[in-house]
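Report on the structure given below.
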Amino acid sequence: MSVNTENASSPFDFVKWIIAIGLLAAAIAANNIYAELSVLYRAIGVVVAVIIALFVAASTAKGSQFLSFAKDSRTEVRKVVWPTRQETMQTTLIVMVATVIMSLILWGLDGIIVRVVSFITGLGI
């Protein structure tokens, strides 16, 4: 990942964020106001407004930093060596067996503690 310590925000970034948030608010309001229209038309309108808002937000300094981070993250995910199906099944089986063993141990300890406490207190549980 690249480390960018400079703050290259322009004076219009604040205006761009206001526009992006305004577009999202307008999409929500229009969806509620035009409730009698077809769901298809409202969905298309909301999707278009969200896409425009994303483009406006991406043109800000923080938006471009986020896009750079997302690209770097995608590159890192491609480097991950994913387990095979057999490795996944074996690991899952080991976790399930360990869980059953631990639950039996805790169940046994709980039973012993309940009997000791009931013996000490004289309460028959």
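Of note:
- Which listed residue, of A49, A70, is over 18 Å from A25 (Cβ atoms) and either of a type outside the set (S, T, N, Q) or free of Cβ contacts under 8 Å to residues at least 24 places away in the same chain (or both): A70
- Within the set A20, A25, the sole residue that is within 24 Å of the chain's Cα centre (by Cα), surrounded by 10 or more Cβ atoms within 10 Å (Cβ to Cβ), at pLDDT 90 or above and under 21 Å from F69 (Cβ atoms) turns out to be A20.
The values are calculated or read from the model by the stated rules, or taken from the named source; none is laboratory data. Predicted, not measured: the structure shown is a model, and the values here were computed from it. So basically every Cβ, Gly included, is an ideal-geometry build from the backbone, and we count neighbours across all protein chains shown.
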